[in-house]
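The next block holds one structure in the form of structure tokens; read it before the comments.
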Amino acid sequence: MRLRHLATAIVAVSSVIAVSACSGGDGSSGGGEGGDSYSIGISQLVQHPALDAASAGFKKSFEDADVTVEWDEQNAQGEQANATSIAQTFANEDLDLVLAVATPAAQAAAQAITNVPVLFTAVTDAQEAGLVKSDDAPGANVTGTSDLNPVAEQLQLVKDLKPDAKTVGIVYSSGEVNSEVQVELAKKAAKDMGVEIKEATIANSSELAQAVDSLGKVDAYYVPTDNNVVSAVTTMVQAAEKNKALLVGSEAGQVEQGAAITRGIDYTKLGEQTGKMALKILQDGEKPADMPVETSSDLELVVNPKAAKAQGVEIPKKIIDEADKVID
């Protein structure tokens, strides 16, 4: 009887050891480094190539680090009310972290979510948008990455391809802080270049065609990283071709859709950079309040010779040879 009881005890202890080994022994669930597993919400303002790339890059950082994540991905379809609703829902869920993609989505998340870290990406000026106390010292539970464009360099592309250009048209959303910042930078750069900026504002993408028409005749158009404009950038492409006006974009996705050229940031890499910040928070215990807002200095020159030709412009071979990416 004693031998039988001893054998039973040995089996029981062995079973406990086996279960502990399978669970990693630290009470954590899932796979990845040290068995880390997290629940993360993503609130993206609208679907277009740049924001899609930023979200994909963010997720890639976790895949590269072999960290398991349960994703809750939501898209506001360009509506601020939807972004607010998503943020409020996330605030009531058991999430470890929230990513907000684009300024309006970030503003909604920052206002509603105070109990978990909030990271943003594709935000032009976080301080101006009221997301942080300062870029160097955010001060609360919110930080992230800025997609502030080299606006002056991008506007210079107009002169590089069309030296006699005198007017540049810009359409942007009156309610987007990031767009207003870019337009002011464009005006400053244009003044130094001897170029006149003609501007029109919209409330949503359905007003884009009418706004472009209101600009009248211009030598070129410049597309800022404005979410309403970018989500309907084909309208700008059609206007550029019809009016034989050069279309300069602010990121690669716009050139892939028909803009002639840009020198801008890589949004996939920007998203990856944001993901690495998230891993520092989740795995290393860093605090968003102490993490400066990061920017990307990795610019790429992207050209679309076929699109430029449709707009009445020939891209010099020298520029094509220097390009990081040529869209066929």
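The values are calculated or read from the model by the stated rules, or taken from the named source; none is laboratory data. Worth saying up front: this structure is predicted, and the values here are computed from it rather than measured. Note that we place each Cβ from the backbone using ideal geometry, even for glycine, and neighbour counts take in every protein chain shown. Each accessible area value is taken on the protein alone, full model and side chains, heavy atoms only, with ligands, DNA and RNA left out. Shrake-Rupley method; radii C 1.70, N 1.55, O 1.52, S 1.80 Å.
Points to keep in mind about this one:
- Charge context of ILE86, other residues only, Cβ under 15 angstrom, K/R +1, D/E -1: -4
- Potential lengthening between ASN92 and ILE319 on full extension [0.36 nm per residue; Cα-Cα distance subtracted]: 76.6 nm
- The LYS309 and GLN47 beta-carbon pair, evaluated with R₀ = 35 Å, returns a calculated FRET efficiency of approximately 0.75.
- Figure legend: label point modelled 7 angstrom from the Cα of ALA140 along Cα→Cβ; residues of segment 280-307 with amide N under 14 Å from it are 288-290.
- Subset of LYS187/LYS317; LYS133/LYS276; LYS166/LYS317; LYS187/LYS244; LYS198/LYS280 violating a 32 Å alpha-carbon distance limit: LYS198/LYS280
- Segment 165-270, relative contact order in percent, only Cα pairs under 8 angstrom and at least six apart counted: 26
- Accessible area expressed per residue, the chain, with surrounding protein chains retained (probe 1.4 Å, Å²): 46
- Computed in the context of the full set of protein chains, the accessible area of segment 112-229 at 1.4 Å probe radius has 46% of its extent on carbon or sulfur.
- 0 to 90° range, to nearest 10: angle between helix 2-22 axis and the chain longest Cα axis: 10
- Contact order relative to length of segment 276-328, as percent, for alpha carbon pairs under 8 angstrom and 6 or more apart: 34
- C-alpha long axis of helix 177-193 to longest principal axis of the chain, angle in °: 40
- If R0 equals 25 Å, the separation of the Cβ atoms of SER85 and SER206 corresponds to a calculated FRET efficiency of about 0.75.
- Using a Förster distance of 22 Å, the FRET efficiency for LYS159-ASP298 (Cβ separation, nearest 0.05): 0.35
- Gap separating the Cα centres of segment 183-202 and segment 123-152, nearest whole Å: 23
- Degrees, to the nearest 10: 103-112 long Cα axis against longest axis of the chain: 40
- Antiparallel bridges, percent of DSSP beta bridges restricted to the chain (to nearest 5): 10
- Shape call, segment 174-255: gyration tensor on alpha carbons, a/c limit 1.5: rounded
- Shape category assigned to segment 80-158 from the gyration tensor of Cα positions, a/c cut at 1.5: prolate
- Relative contact order computed over the chain (Cα-Cα under 8 Å; 6+ residues apart), in percent: 18
- A value for Rg/Rh (Cα atoms, Kirkwood Rh) was derived from the coordinates, and within the list (1) 0.99; (2) 1.14; (3) 1.05 it appears as (2).
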